[in-house]
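Structure first, then comments.
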Amino acid sequence: MMPSCVVGALVEMMRLSVEIRPYAVADLPALCSLFYQTAHAVNARDYSPEQLQVWAPELPDLRRWNASLLAHRSYVAVYEGCLVGFGDISPEGYLDRLYVHKDYQGRGVGSALCDVLESCVSAGCLTVHASLTARGFFERRGYELVCERELVLRGVSLRNFLMRRCREGKG
């Protein structure tokens, strides 16, 4: 059953027509590749190679990723047949992942995906664990810092931020 939010939306951005559509299992290889490449290129300004390797390994657990994406409202952004972004949100309003290909950063792809994801849930408050790199993006969207945290992943410490945005009239 398709959610009542925007499905198959065409978003005009800086001379780009980007289609936002629901995630399909066939998207998983391209999605995982985008995640790895984006984290290792874009997030490299804020995280060490060791941190990036534990956060975004070249070969993620595909079964776990697919199960998580299917359990959430998950969307991909496609430009000229290529996946250029993706994101997912839980029914409770936890924005789990939001990634945009390194060559499409700053063109509105992340905002378009986030708009669709946020519109798909009725939760009054939305939460995200934002990376150092993504914190400013979420602040510009009205998310507020709840706390800074140190996450230890396979023995390596990573810093991120729990952020929340509460919406009037939702919930």
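The values are calculated or read from the model by the stated rules, or taken from the named source; none is laboratory data. Quantities reported herein were computed from a predicted structural model and do not represent experimental measurements. Methodologically, a virtual Cβ is constructed for each residue, glycine included, from the backbone with ideal geometry; neighbour enumeration extends over all protein chains shown. These accessible areas exclude ligands, DNA and RNA; they are computed on the full protein's heavy atoms, side chains included. Shrake-Rupley method; radii C 1.70, N 1.55, O 1.52, S 1.80 Å.
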Original post:
Looking at (1) closer than 23 Å to Ser33 by Cα; (2) at pLDDT 95 or above, can you tell me which one Leu145 breaks?
Top reply: (1)
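Residues being of a type outside the set (Ser, Thr, Tyr) and without any contact (Cβ under 8 Å) to a residue 40 or more places away in the chain: count how many of those fall in the stretch 119-129. First the steps, then the outcome.
Residues of the stretch 119-129 that are of a type outside the set (Ser, Thr, Tyr), as a first pass: 120-121, 123-126, 128-129.
Narrowing the set further to residues that are without any contact (Cβ under 8 Å) to a residue 40 or more places away in the chain leaves 128-129.
Residues flagged as of a type outside the set (Ser, Thr, Tyr) and without any contact (Cβ under 8 Å) to a residue 40 or more places away in the chain within the stretch 119-129 amount to 2.
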**OP:** Give the number of residues within the stretch 52-93 that are buried (at least 19 other Cβ atoms within 10 Å of the Cβ) and assigned to a helix (DSSP H, G or I).
**Re:** 3
Original post:
Checking Val25 against (1) modelled with pLDDT of 95 or more; (2) farther than 21 Å from Leu162 by Cβ; (3) open to solvent by less than 20 Å² (accessible area, probe 1.4 Å); (4) aliphatic (A, V, I, L, M), which single condition isn't satisfied?
Top reply: (3)
Subject >> Members of the stretch 130-150 found to be of a type in the set (A, V, I, L, M, F, W, C) and either within 18 Å of Gly87 (Cα to Cα) or free of Cβ contacts under 8 Å to residues at least 12 places away in the same chain (or both), listed by number >> reply: Ala130, Leu132, Ala134, Phe137, Phe138
Original post:
Of all residues in the stretch 96-144, how many are open to solvent by 30 Å² or more (accessible area, probe 1.4 Å), outside any loop (DSSP other than H, G, I, E, B) and either touching an Asp or Glu at 6+ places or on another chain (Cβ under 8 Å) or closer than 20 Å to Ile20 by Cβ (or both)?
Top reply: 11
